[in-house]
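> This is the structure I want to talk about, given as C-alpha cells.
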Amino acid sequence: MSLYCGIAFKRKLFWCYRLLSTYVTKTRYLFELKEDDDACKKAQQTGAFYLFHGLAPLLQTSAHQYLAPQHSLFELERLLGKFGQDAQRIEDSVLIGCSEQQEAWFALDLGLDNSSSISASLPKPEMETELKGSFIELRKALFQLSAKDASLLSTAQALLRWHDAHQFCSRSGQPTKKNLAGSKRVCPSNNIIYYPQVAPVVITLVSDGTRCLLARQSSFPKGMYSALAGFCDIGESVEETVRREVAEEVGLEVESLQYCASQHWPFPNSSLMIAYHATVKPGQTEIQVNLRELETAAWFSHHEVATALKRKGPYTQQQNGTLPFWLPPKLAISHQLIKEWVEKQTSSSLPA
Ligand SMILES: NC(=O)c1ccc[n+]([C@@H]2O[C@H](COP(=O)([O-])OP(=O)(O)OC[C@H]3O[C@@H](n4cnc5c(N)ncnc54)[C@H](O)[C@@H]3O)[C@@H](O)[C@H]2O)c1
Ligand SMILES: [Mg+2]
C-alpha cells in the first residue's frame, strides 16, 4: 500500500468509525428515553416539538415546499398558557427521534381529546393564527415536504393515531397509561403492555421480461397507476403474500421474487411496505382483473414507463381527450420499485 493509499484508508476508517459512533450513540440515547420516563422528561427541556391538530401537522409554506416548524418547551408552555391550558398536556406528546447532537424531537396533538389528559381539543383557527401556519392533512402535504420532514411527520402521525385509538385496555376496559416517550401503553389494573402496531403490506412489480404490470384502484387520483399492493394475512410469509395478492388481483402466478426495499407508510393506518420484483411464468401473461379490488390493470412497455417516470401528476386531459398515465411521486416506495425496474431494463439492453 502506498503512503497516499494508507492515509486515505485511515481517513476512510476514521470517518466510518465517526459515522457509526454517532449513529450508535443516538440509537442508545433514544432507547434510554423510551425506557426511562425521567430521562425523557429531561430531554423535553431541551427538545423540539412538532405540533398537530386532529392528526394534521402544523406546516408553513416556503416557495413550493412545506416546512414543519419546531417549538421549544418554553414556547409550547407559553402557547398552552395563552389558551388557558395546563402545561401537563405536554405529557401527551410522543418521542419521534433526535438529532445527531441529541436534541430529542417530540410530537403533540392539540386537537385530540385524551382520556388521561385534563385538556380537550384546542380551537384550530386561533392556534393557526398564533402559530403563523396551518394544520394541513398529511396526505395532501406529504409530497411537498423534505424527505426528513416527511419521514418524521409520518412517524409522528402514526404514533399519535395509535395512542388516540388505544386509550383503553381491550381485556379490562380500563384506561391505559402511556409511558412518557409514547413507545408503549400499560393497563394499570392487569399490567398488560400494548405496543404500537404496524401492518405488513407487500408491493410487487410484476414483469414478463420486457413489460411491467401496473394497476389502479378507483380511489387513486385520476390517471395514476402503481404496482400491486396488499396486506399480509395472518400466518403468511411475505413471499406467500406476494404470490397470493398477484393471483387474487390479476389472476397471474409469479416466481423469481427479488426483494427491493421497505418503507413505513402512514396511510390509512401504519403499514410497513415491503417491495418486491417478480416475474410471471413464461407464456402466462393474460391478465384477469379482480374488479372488487382494482379498477384496471395492464402491461406497460419500458418506453412507456420510462416516459411516465419523468411526468409529474396529477394531469389534465390532453387535446385529444386522453389522460397521460403517471406514476406515484418519488417519496413513495412504488416509485422506487418502478424506477429500479426501468434502470435494470436499460442496463440489460446496453451492449456488453
Ligand atoms: N407507498 C406506496 O408506494 C404505496 C403504493 C400502493 C399502495 N400502498 C398502500 O398499501 C396498502 C395496501 O394496499 P391495498 O389497499 O391494495 O391492499 P389490499 O389489496 O390488501 O386490499 C385492501 C383490503 O384489504 C383488507 N385488509 C386486510 N388487512 C387489512 C389491514 N390490516 N388494514 C386495512 N385493510 C386490510 C380490507 O378489506 C381492505 O379493503 C394501502 O393502504 C396503500 O395505502 C402504498
Ligand atoms: Mg391491493
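We did not get these values from a lab; they are worked out from the coordinates using the rules stated. Since we're looking at a predicted model, the values are computed, not measured. So basically every Cβ, Gly included, is an ideal-geometry build from the backbone, and we count neighbours across all protein chains shown.
> Enumerate the residues in the range 213-251 having an amide nitrogen under 19 Å from the point lying 7 Å beyond the Cα of residue 303 toward its Cβ.
213-214
> Taking neighbour Cβ counts within 10 Å as the exposure measure, how do 136, 203 sort from fewest upward? Walk me through the intermediate numbers first.
Details: 136 19, 203 26.
Going from least to most buried by this count: 136, 203.
> Still on this structure: By DSSP, what percent of the beta bridges with both residues in the chain are antiparallel, rounded to the nearest 5?
Numbers: 40 of 55 bridges.
DSSP beta bridges in the chain are roughly 75 percent antiparallel.
> Of 222/330; 26/344; 140/344; 222/310, which pairs sit farther than 24 Å apart, going by alpha carbon to alpha carbon? Present the calculation step by step, with values, prior to reporting the outcome.
Numbers: 222/330 18 Å; 26/344 36 Å; 140/344 32 Å; 222/310 17 Å.
The pairs that break the limit, which is 24 Å between Cα atoms, are 26/344; 140/344.
> Continuing with the same structure: Quick check: convex hull of the Cα atoms in the range 14-96, volume per residue, rounded to a whole Å³? Please list the in-between numbers first.
Values: hull volume 11.9 nm³, N = 83.
So the per-residue Cα hull volume is 144 Å³.
> Multiply the residue separation of residue 170 and residue 340 by 0.36 nm, subtract the distance between their alpha-carbon atoms, and state the gained length in nm to one decimal.
Numbers: separation 170, 0.36 × 170 = 61.20 nm, distance 4.33 nm.
Length gained between residue 170 and residue 340: 56.9 nm.
> With springs only between Cα atoms under 10 Å, which of 291, 327, 73 fluctuates most in a Gaussian network model of the chain?
291
> Show that you can apply the helix-only estimate: for the chain, add -39,500 (n - 2.57) for every DSSP H stretch of four or more residues, divide by all residues, and state [θ] at 222 nm to the nearest 500.
On the way: 9 runs with 123 residues, N = 352.
Result for the chain, helices only: -11000 deg cm²/dmol.
> Separate question: Taking 0.36 nm per intervening residue step and subtracting the Cα-Cα distance, what contour gain separates residue 330 from residue 82 on full extension? If you can, show how the numbers build up before the last one.
On the way: separation 248, 0.36 × 248 = 89.28 nm, distance 4.03 nm.
Stretched out fully, the residue 330 to residue 82 stretch lengthens by 85.2 nm.
> Under the √(5λ) rule applied to the eigenvalues of the Cα gyration tensor, what semi-axes describe the equivalent ellipsoid of the range 80-218? Give them in Å, descending. Please list the in-between numbers first.
Working: eigenvalues 210, 108, 47 Å².
The three semi-axes for the range 80-218 are 32, 23, 15 Å.
> Also: Would you report the distance distribution of C-alpha pairs in the range 199-349 as whole percents per 5 angstrom bin, up to the bin with the largest distance?
Histogramming the range 199-349 at 5 Å steps yields 2, 9, 19, 23, 23, 14, 6, 2, 1, 0, 0 percent.
> With springs only between Cα atoms under 10 Å, which of 290, 190, 179 fluctuates most in a Gaussian network model of the chain?
Highest fluctuation of the listed residues: 190.
> Using every Cα-Cα pair within the chain, state what percent have a distance larger than 25 Å. Mind showing how you got there, number by number?
On the way: 38858 of 61776 pairs.
Summing the P(r) tail past 25 Å for the chain gives 63 percent.
> Next question. What are the lysines whose alpha-carbon lies under 22 Å from the alpha-carbon of residue 178, with same-chain residues fewer than 8 places away excluded?
In chain and number order, the partners are 34, 41, 42.
> Can you quote the Å³ per residue value for the convex hull of the Cα atoms in the range 184-274, rounded to an integer? Display every interim value, and only then the final one.
Numbers: hull volume 12.5 nm³, N = 91.
Cα-based convex hull of the range 184-274, divided per residue, equals 137 Å³.
> In the Gaussian network model of the chain, springs joining C-alpha atoms below 10 Å, which of 251, 223, 235 carries the largest mean-square fluctuation?
235
> In sequence order, what are the phi-derived ³J(HN,Hα) couplings for the range 78-84 according to the Karplus relation 6.51 cos²θ - 1.76 cosθ + 1.60 with θ = phi - 60°, rounded to whole Hz, with x for glycine and proline?
4, 4, 4, x, 4, 9, x
> From the backbone phi of the range 141-153, what are the Karplus-calculated ³J(HN,Hα) couplings (6.51 cos²θ - 1.76 cosθ + 1.60, θ = phi - 60°) in whole Hz, Gly and Pro given as x?
9, 3, 7, 10, 10, 5, 4, 5, 5, 4, 5, 5, 6
> Right, next: Name the long-range amide H neighbours of residue 52: under 5 Å, sequence gap of 5 or more, or other chain; modelled H, no Pro or chain starts.
Placed amide hydrogens put 58, 108, 109, 110 under 5 Å from residue 52.
> Report, by chain and number, residues whose modeled amide H sits under 5 Å from the one on residue 174, excluding near sequence neighbours (fewer than 5 apart, same chain).
Amide H neighbours of residue 174, under 5 Å, 5+ apart: 169.
> Name the aspartates and glutamates eligible as straight-distance cross-link partners of residue 82: C-alpha to C-alpha under 13 Å, and not fewer than 8 places from it in the same chain.
By straight Cα distance, residue 82 reaches 126, 130.
> Right, next: Under the 0.36 nm per residue contour assumption, what length would be gained going from the current alpha-carbon distance of residue 198 and residue 295 to full extension?
Values: separation 97, 0.36 × 97 = 34.92 nm, distance 2.68 nm.
Full-extension gain reported as 32.2 nm.
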